1. Looking at 172, 154, which is the one that is modelled with pLDDT of 95 or more and either surrounded by fewer than 16 Cβ atoms within 10 Å (Cβ to Cβ) or in contact with an Asp or Glu (Cβ under 9 Å, 6 or more places away or on another chain) (or both)?
2. What residue, of 122, 127, 133, is more than 26 Å from residue 155 (Cα to Cα) and surrounded by fewer than 16 Cβ atoms within 10 Å (Cβ to Cβ)?
3. Just name the residue that is nearest to residue 258 (Cα to Cα) out of those in the range 192-210 that are surrounded by 22 or more Cβ atoms within 10 Å (Cβ to Cβ) and small (Gly, Ala, Ser).
4. Is at least one residue of the range 132-145 among the β-branched types (Val, Ile, Thr) and more than 30 Å from residue 281 (Cα to Cα)?
5. Could you give me the residue pairs with C-beta distances under 8 Å whose first residue belongs to the range 283-303 and is farther than 12 Å from residue 90 by Cα and at pLDDT 95 or above, whose second residue is assigned to a helix (DSSP H, G or I) and not hydrophobic (A, V, I, L, M, F, W, C) wherever it lies, and which are 6+ apart or on separate chains?
6. Between a first residue in the range 116-140 that is more than 30 Å from residue 7 (Cβ to Cβ) and a second residue that is surrounded by fewer than 20 Cβ atoms within 10 Å (Cβ to Cβ) and of a type in the set (A, V, I, L, M, F, W, C), which pairs have beta carbons less than 6 Å apart while being 6 or more apart in sequence or on different chains?
7. Select the strands (runs of 3 or more DSSP E) contained entirely in the range 208-308, then report the ones holding at least 3 residues which are among the β-branched types (Val, Ile, Thr) and not assigned by TED's automatic domain parsing to the domain that holds residue 150.
Amino acid sequence: MQERIAFLNGTFLPERELAVSVVDAGFVLGVTIAEQLRTFRGTIFRAEDHLSRLYHSLEIIGLDIGYTTEQLKSAAEYVVAANHKLMHPADDMGVSIFVTPGRYAAYSGPGPSVPIVAIHTYPLPFYLWADKYTSGESVAVASVRQVPVECWPRQLKCRSRMHYYLAEKEVRRVDPSARPILLDADGGVTEAPTANIVAYHREEGLVAPPEERTLPGISLKVVKELASQLGIPFFHRFLTVSDLERCDEIFLTSTPFCLLPVVRLNGTPVGQTAPGKPGPVYRRLLAAWNEIAGIDLVAQAQRFRHRV
């Protein structure tokens, strides 16, 4: 029986054999640098951008993994090519690349520590967002705040995300379908867990929080490019909750789902012309994204939403 493969420290192996030790620093301390990618028609989307961000994160923590960008990209493409053969040709997958510093000496004893470098794939969980392209997403502002930049820079993409978990638990006690919006200590809007936020004001165009306040999202970069192609102004500035309450449209953008409309903020419908419904700018951006992806994102999500 054929099965998915993975990559671990230079070796391709059955995915079921991919494992990280309980004494690894990634498990003990959450010291894990990670990138989540996805494919379109079996090809990794924006691999170079994701790897550039991964290596910048490695540079921030001072970790040399011994692989070049080209070597890691080649390994990811090999894993994807092998695993896509096991899927329906119209289906796509998520791709996880993660790195840890290796064993944690306080638990494992003396000796050299070798970084863990791993790649694996997984079926995209379309059921989580298939309906939201048309029905929209609900968000709520959490009291849990974003990690201060004094702890680590926002450019560092890591898995130390207890604040995400706590924020989600908080807002879902009120609205089980909501995703949290995280603010900085000064009340500025930053992001949602695993997603960037973009607002649209008719008088201004597309607006996102200042770049130094958020993770530099790959999908956010795509939205900027699409906005330029469509002649829609795009810029960054300090955003408050009041700004979001007054805007015409809000979007979440992230690698797995690409772009989703936000139709409710703190239980109140978003927008003025068609409150609580996806707006025209969202529809234009989604159509443009379909063009560069070479697929219909909504149709694909609907088709594979019930996979087992």
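The values are calculated or read from the model by the stated rules, or taken from the named source; none is laboratory data. On a predicted model such as this, the values are computed, not experimentally measured, just so you know. Methodologically, a virtual Cβ is constructed for each residue, glycine included, from the backbone with ideal geometry; neighbour enumeration extends over all protein chains shown.
1. Details: 154 fails: modelled with pLDDT of 95 or more.
After ruling out the rest, the residue left standing is 172.
2. Numbers: 122 fails: more than 26 Å from residue 155 (Cα to Cα); 133 fails: surrounded by fewer than 16 Cβ atoms within 10 Å (Cβ to Cβ).
Being more than 26 Å from residue 155 (Cα to Cα) and surrounded by fewer than 16 Cβ atoms within 10 Å (Cβ to Cβ) holds for just one of 122, 127, 133, which is 127.
3. Out of the qualifying residues, it is 195.
4. As a first pass, look at the range 132-145 and keep what is among the β-branched types (Val, Ile, Thr): 134, 139, 141, 144.
Going one step further and asking which of them are more than 30 Å from residue 281 (Cα to Cα), we end up with 144.
Yes.
5. Correct list of pairs: 286/133; 288/229; 298/133; 298/134.
6. Pairs that qualify, where the first residue is more than 30 Å from residue 7 (Cβ to Cβ) and the partner is surrounded by fewer than 20 Cβ atoms within 10 Å (Cβ to Cβ) and of a type in the set (A, V, I, L, M, F, W, C), are 133/298.
7. On the way: elements: 234-236, 249-254, 258-265.
Strands (runs of 3 or more DSSP E) meeting the threshold: none at all.
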